[in-house]
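Have a look at the structure below, then the notes.
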Amino acid sequence: MSTPRCLPCPSPFRPEGRVALITGAGQGIGRALAEMLYRRGASVAVVDVDAEAATSVAAALGERALPVIADVADRAAMAEAIPQVAAYFGHLDIVVANAGVVPRPATLRTIDPADFDRVLGINLTGVFNTVHPALDDIIAARGHVVVVSSCAAFAPGMGGAPYMISKAAVEQLGRALRVELAPHGASAGIAYFGIVETEMTHATLDRDDLGRRIEALLPWPLSARITAEQAARTVADAIEKRAPQSISPVPWIPYALLRGLINRVLDFGLAHDPRVAALLRELERRSLEKPASAAAMPMDSGRVRAHY
C-alpha cells in the first residue's frame, strides 16, 4: 500500500512587494494594519464604506495606497471592487476581512430582528462577500487570507448574541478556507481579539452606565484590553508567518484551548448569578424603551471593525 504524501506547506512571506486589501480600513484596527503593512513594503487597498475615511487614509499612506469605497454587505459592490483592485495593482496577495459591527445591546427576546440581520449581514456575509471574489487571485499568488473573528466567538454571548454568533461563524469560515486553500499552495488564518481600545469601546463600555456594569462582571482575561496598534501588529506578524490563528491578548490563548470545559462552568455560573439576572432585566427594559432607529450601533464602524 502506498503512503499518502503530505502537501507542502506554503512558505512564509513578507509583505514587501505584496498587495494587501483590508476592509474596514478607514479607522481603528483596519487603519492601523494598513499603516503597518504599508511600512513593511506592501501596497494597500483601503476598503471602507466611508469615502472620506478611505480617501484620507490612502492619501496619508502614499502612492502605493488605493482608496476603495464599498460596503461589505453589498455583494455586487464587492464583486466589482475586488477585481478592480487586482487589475489596478496587477495582482492581489493578501486579503484581510476586518469590517464588523455590534448591535445595540439587547437580549434575543427584545432585539429588533432588523438589527440581528444587519449584524450578520456585515460581520458574516460581509466576510464571504470580501473573500469569495478574491480567491482566484489569492490562489494565483499563493497568497494569504485573514478573517477577523473575535474572542467573542468562544465567550458568553448574553446581551450581544448577534455579534458572538457572527464571530463564531466567521471562525468556521476561516477553518474551512484554510483547508480548502492548502491544496493550491495558499493559506488562511483567523484573528481573535479581546476588547480593543477604540472610540466605540469607550462609548459602549466606559461612558455608559450599563456598559460599565457589564464589563465589571467580566472575569480576567475577558476584561483585558489591547490597543488597535497591538491588534494590527498581531495580524501583520501572523501574515508573515502564514499563521493559522492569532490571538491577542495572550491570556486568551489558554481560554481558547480549554473553552470546552471553561464555557460549561462559566455558562452555569452566569445563568445562576443574580447580578447577571438583574442586569439582563434592566437591559431588556432599556432596549424596549429605545426607538427602533437606534437599533444597530456601529463599533469602530463596515466601515467597521469591532472586536471583543
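Only the coordinates and a few stated rules stand behind these numbers; no lab work does. Small disclaimer: the values here were computed from a predicted structure and weren't measured. Here the Cβ is made from the backbone with ideal geometry for all residues, glycine too, and neighbour counts use every protein chain on show.
Points to keep in mind about this one:
- Its Cα gyration tensor gives segment 1-136 an equivalent ellipsoid. The semi-axes, each the square root of 5 times an eigenvalue, are 28, 23, 14 Å from largest down.
- The slack between V179 and A60, meaning 0.36 nm per residue of separation minus the straight C-alpha distance, is 39.2 nm.
- Difference of contour (0.36 nm per residue) and Cα-Cα distance, A79 to E240: 55.3 nm
- 3J(HN,Hα) along segment 123-138, derived from phi through the Karplus expression 6.51 cos²θ - 1.76 cosθ + 1.60 where θ = phi - 60°, amounts to 6, 10, 4, x, 5, 4, 4, 7, 6, 3, x, 9, 5, 4, 5, 5 Hz, with x in place of Gly and Pro.
- Stretching F268 away from R40 to a fully extended chain increases their span by 77.5 nm, per 0.36 nm per residue minus the current alpha-carbon distance.
- For V68, the residues 5 or more places off, or on other chains, whose built amide H falls under 5 Å of its own are V46, V47, D48.
- Viscosity 1.306 mPa s, temperature 10 °C, Stokes-Einstein D of segment 19-297 from Kirkwood C-alpha radius, µm²/s: 82
- Interatomic Cα distance distribution for segment 56-210, bins of 10 angstrom, percent: 11, 34, 35, 17, 4, 0
- Amide H contacts under 5 Å for E197, placed H, 5+ residues apart: I226, T227, A228
- Spin-label model, D136 to R213: label points 7 Å out along the Cα-to-beta-carbon direction sit 5.4 nm apart.
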